[in-house]
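Worksheet: the structure to be examined is printed underneath.
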Amino acid sequence: MEIPSKYNPAKTEDKWYAYWMEKKYFHSEPDEREPFTIVIPPPNVTGVLHMGHMLNNTLQDVLIRRARMQGKNACWVPGTDHASIATEAKVVGKLREEGIDKADISREEFLKHAWEWKEKHGGIILEQLKKLGASCDWDRTAFTMDESLYESVIDVFIDLYNKGLIYRGVRMVNWDPKAQTAVSDEEVIHKELQSKLYYLKYQVEGEDDFIPIATTRPETILGDTAVCVHPQDERFTRFRGKRVVVPLVDRPVPIIRDEYVDREFGTGALKITPAHDIHDYELGLKHKLDSIDIFNDDGTLCEKAELYIGKDRFEVREEIVADLEKAAALVKIEDYINKVGFSERTDVVIEPKLSQQWFLKMSELAKPALEVVEKDSIRFHPKKFKNTYRHWMENVRDWNISRQLWWGQRIPVYYLPDGEFVVAKDKDQALEKARSKFGDHLRYQDLKQDEDVLDTWFSSWLWPISVFDGIRHPDNKDIRYYYPTNDLVTGPDIIFFWVARMIMAGLEYRKEVPFKNVYFTGIVRDKIGRKMSKTLGNSPDPIELMEQYGADGVRIGMLLTAPAGNDLPFDPALCEQGRNFSNKIWNALRLVKGWQVDDSIPQPQSSKLGIDWFEARFNKTLAEIEKNFDSYRISDALMATYKLIWDDFCSWYLEIIKPAYRQPIDAKTLESTLAFFEKLMKILHPFIPFITEEIWHLLRDRTADDDIIVSEMPVASPFDEKIITAFERAENIIIAIRNVRKDKNIPQKESIRMMVKEGGTAECIFNPVIAKMGNIESIETVSEKPGSVLTFTVGAQEYFIPVTANIDLEAEKAKLEEELKYTRGFLASVVKKLANERFVNNAPPAVVDKERKKQADAEARIKVIEEQLKGM
C-alpha cells in the first residue's frame, strides 16, 4: 500500500469519526461488563466551543477512550444546559431586532420563540465537540428542558417542599437589573473598583447641629430610614433619642444605636437603607425600621424615591451629588477603593433588593455532602480543593432558587385568590389539593401558577441522576447500572454551584455519591498569564486551530501543559508541537512500511538486543503511565507516552534495528517492530484518536471490527531493570562516539576501532548495538592506555579511539584542560554544600546522597582527565 508522504488530518479525522459513529462504538447499553460512566458538564445551549471546553472535553475523552480499551462498558453522556438567564437574554435581543418587546407578548408566545431559537442554535457546541473527537454516546444526548429532565426537576421541588426544605419568603436578594431577576450569592463576582466616598450632612431635627455620614452610594439616601451610631461612641452621645432629616427629601428618621457600627470607618455614623443593603436590612429587622424600595426592577428610580423618577441609578448618582452640593449637604468627596458585586451572567452591578423568593434550606443537605469528601468517598484531584469545598460547605446559606424569567422549569406553585397556595405537579393535581384543603367551591380559573422559573442550577444539580431518568423511575436498569458515575471533569470555579449540589442531590435521592473522582482543570490563560476571553481578544477560535493543526495536534497542545488544578498557559505553538508529533509518528510508519522483508536472513544480534531493551523500556514506561492515570496526572501520562515514542522508539529503537540502505530486514525483527508499533498506538489512542486509528489500519491488514478504538489496552508486564540501566550506559557511549566523530570530522560511513580500558564497567551487553550505531569495526579490551589515541569517558570508564592523521592533539589537550577546570569548580561547589551542616542535617536523605554521588563522580572524572593529560 502506498502511504502518502504527508499526513492529512482533515481527511483522516472526518473519515474515522463517521466510521466510529456508523459502527456505534460510542453507544452503551447495560450488560455484564464493568461500567465506566462520565456525564459531561453540560455547556450552555447558547454556547460555542471555547478553549476551556476544549481542555475539559479532551480530558474526558482521554478517560473514556482508555476505559473502553480496558474492556469496560464506557458511557459518556453528552448534553446541554438551558441556561435560563443567558438564553432568555439572547431571545429578548432577537425579538428586539424584529421590533418585538417581550412585555407585549404572552408567555406562551415567548416560549415558542425560545424553542425556535434553541432548535436553530442549540446544537452548535455539540457538533463542534465531534470535530474534537469526543466519543460521547450521542444517542443519549440530554437537554435540561427535555420532558424527562423537566419533570424530574418539578418532582424534586415538590418532594423538597413536602419535606419542609423549600420555603417562600421576603429576603434581601442579589438583583440583576439587566436580566431583571434575582441571582444567587455564588453568581455574584466581586471586583475591586476605584470609587468615591461622599461625606454628607444630616441635619438634626429642630437644631443647627448635624451628623456627618459617609457613603459610596449617595443615590440611596432617598431610601434612608435611620442613622446608626455605636452605643459607646462619645461623639454622638448628645444625639441620643433625637432624629435627623434626610437631605433633599426632608424625611425625619431616628438615630439608632447598634454595636454593628465600625467606629473607625468614615465618620462613625451610618445611613441605614433597609431596602438596598443586606446589613442595613438586618438592622432594619432588628430595630423595626421602615423599608423604602426606591428602585424599579430595571435599576431606574421609582415613585417611592420622590425625586429623579424614571432615571437610571448611575445617572442619578451624578445628579444627586450636584444637588447635595447646592443644598450645602455635601461636605467632601474622597477617593476610595472598594469591592462591588457584578452579575456573573450580564456583568452589571448587582442591586441588593428586597424580594419575595423561593429558597431551599441548605444546612442539613450540606452536612453529609461535606462528610463524603472529608472521608474520601469522593476524591478531589488535586486534593487542595478539599479546603475550598470545606469553606463553602461550612458557610453555606439558603439557596435562592427562584428566577424572574420565563425560560426554564416553571415553579409548580398555584395561588388562590385569597393568597393561599398549593404545590402540585400540574393544574389538575393543584385543583384537587386546593379543594381538599380549602373547599370544593374552587374552580380552575381560581388557580394562578407562579410566574417564576427555577434557577438553572436546580436542574443541573440532578444531572447525573436525571440523564438516566433516576428521579422519575428510581429502579430503572440504566440508573442501577450507570450510577454512581466514575469521574467528573470540571472547573474549580463551579465547585459549589454544581459539584457540591450534585453531591447533595445524589445523597438525597440515591443515598449514594454521584461520582467517585472529581478532576479539577485549571483556567486556560494566554502565554502572558491573562485569562482568555472575547473581550481581550486573546482567545483563539478552537475550530480554526483544529483546521490548522488537526484535532490530534490541538489535543496534544492542550494536554502537554495541563496539570490538574493548575492554570494552563496556552500558546498555539504547543499545537504545532502536537502536529509535529503526528508527523514524527507518520514518518516512522512510512519508514517501517518501506522496508522489504527477507525470511531467509537471520536476526542480527544488535536487533535482538534492541528488541529486548525496548520491551523492558516499554513496560517500565507503561507502569509509569498507569500510575499517572491512577493519580489523575493525565498531562504526565501523555508526556511519558510522548517521550517513549519520540525518544525511545523513533530516535533509538528504529535506528538500532534499521537495515542498511536498500537492504532487507529479517522477518523476526519486523514482526517485533510491528507489534511494538501497535502497542504504542494503543496507549497513545486515548490522547490522539484519529492518527492512531489511521496508522493501526496501515500497519497490517485488518479483519472487520479490528479497530484500535475497541482494541485491548496493553498492561505493564514485569521487566528487567538491569537491561534498561545497561542501555542507558550504551546510549551515553554512542552519543560520545558521535561527538568524537563530529569534533574530529570523522564521517559516519568511515568505520573506526574502539578500545575499552579493562575494569569498572568495561563489559557491556549492548556492544553489538554500540558497534552498529557507532560504525565500530571492532571493540577491544585493553589493560593500559595505548599510544596515539583519542580518549573519552562515560562516567569513570575510559574509551580509546586510534588517532588518524588529521586529528589535532594540541586542541584535544586544550579541551581536556578546560573540562578539568570546569569539573574542579563543580566539585568545589558540591564540597561546599556538603560542608554546610544545616543542609546535611535538614535536607531529605535522598538529596544528601545525591550530592555525595555527585562528589564521587566528579572526583573519579578528575582522576581520569588527569591520567589522560599525563599520557599526551
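The values are calculated or read from the model by the stated rules, or taken from the named source; none is laboratory data. The structure displayed is predicted, hence computed values, not measured ones. Note: ideal-geometry Cβ built from the backbone for every residue, glycine included; neighbour counts use all protein chains shown. Heavy atoms of the whole protein, side chains included, go into the accessibility calculation; ligands, DNA and RNA do not. Shrake-Rupley method; radii C 1.70, N 1.55, O 1.52, S 1.80 Å.
Helix 385-394 and the long axis of the chain differ in direction by around 20°, with both axes built from C-alpha atoms. Restricting attention to region 751-872, lysine pairs at least eight places apart or on different chains and with alpha-carbon atoms under 12 angstrom apart total 5. Restricting region 782-848 to trypsin sites (Lys or Arg not before Pro) that sit in a DSSP loop and have at most 14 other Cβ atoms within 10 Å of their own Cβ leaves nothing. Only Cα pairs under 8 Å and 6+ residues apart enter the sum, and on that basis the relative contact order of the chain stands at 12 percent.
Between helix 809-834 and the chain there is an angle of about 40 degrees, using the helix long axis and the longest principal axis of the Cα atoms. For TYR150, the accessible area of its heavy atoms, probed at 1.4 Å with every protein chain present, is near 70 square angstrom.
Using Cα centres only, tell me the gap between region 300-365 and region 422-464 in whole Å. Comparing the Cα centres of region 300-365 and region 422-464, I get a distance of 35 Å.
Note on GLU116 and ARG838: their simple-model spin labels are 7.5 nm apart, each label 7 Å out from Cα toward Cβ.
Full extension of the chain segment joining TYR336 with LYS425 gains 26.9 nm, where the gain is 0.36 nm per residue of separation less the Cα-Cα distance.
Take every pair of alpha-carbon atoms less than 8 Å apart whose residues are at least six positions apart; their mean separation over the length of region 509-639 yields a relative contact order of 25 percent.
For GluC sites (Glu not before Pro), the sites in region 769-872 that DSSP calls loop and that have at most 16 other Cβ atoms within 10 Å are GLU784. Bridging of LYS23 to lysines at a Cα separation below 25 Å is possible for LYS11, LYS15, LYS72, LYS130, LYS131, LYS477, LYS679, LYS682, once same-chain residues fewer than 8 apart are set aside. Taking 0.36 nm per residue of separation and subtracting the Cα-Cα distance, full extension of the segment from ALA322 to ALA103 would add 75.3 nm.
Using a probe of 1.4 Å on the protein chains alone, the accessible area found for THR761 is around 60 Å². Check the straight Cα-Cα distances from LYS367 and name the aspartates and glutamates below 15 Å, setting aside those fewer than 8 residues away within the same chain. Answer for LYS367, where 15 Å is the Cα cut-off: ASP376, GLU394, ASP398, GLU508, GLU512, listed by chain and number. Rolling a 1.4 angstrom probe over the protein heavy atoms with all chains in place gives the chain an accessible area of 46 Å² per residue.
To put it simply, the accessible area of the chain at a 1.4 Å probe is 49 percent carbon and sulfur.
Of interest is the spacing of the C-alpha centroids, which for region 485-535 and region 20-49 amounts to 18 Å. For LYS196 and TYR444, the FRET efficiency from 1/(1 + (r/R0)^6), where r spans their Cβ atoms and R0 equals 60 Å, is about 0.60. For region 501-531, the residues whose amide N sits under 14 Å from a probe point set 7 Å from the Cα of GLU371 along the beta carbon direction are 504, 507-508, 511-513. Qualifying chymotrypsin sites (Phe, Trp or Tyr not before Pro) in region 69-142, where qualification requires a DSSP coil assignment and no more than 13 other C-beta atoms within 10 Å, are lacking entirely. Relative contact order of region 329-442: 18 percent, from C-alpha pairs under 8 Å at least 6 residues apart in sequence. Against the chain, whose longest principal axis is taken from its Cα atoms, helix 9-22 shows a tilt of about 70°. By DSSP, the beta bridges lying fully in the chain are antiparallel in about 70 percent of cases. Accessible surface of ARG403, taken over heavy atoms with a 1.4 Å probe and every protein chain present, rounds to 0 Å².
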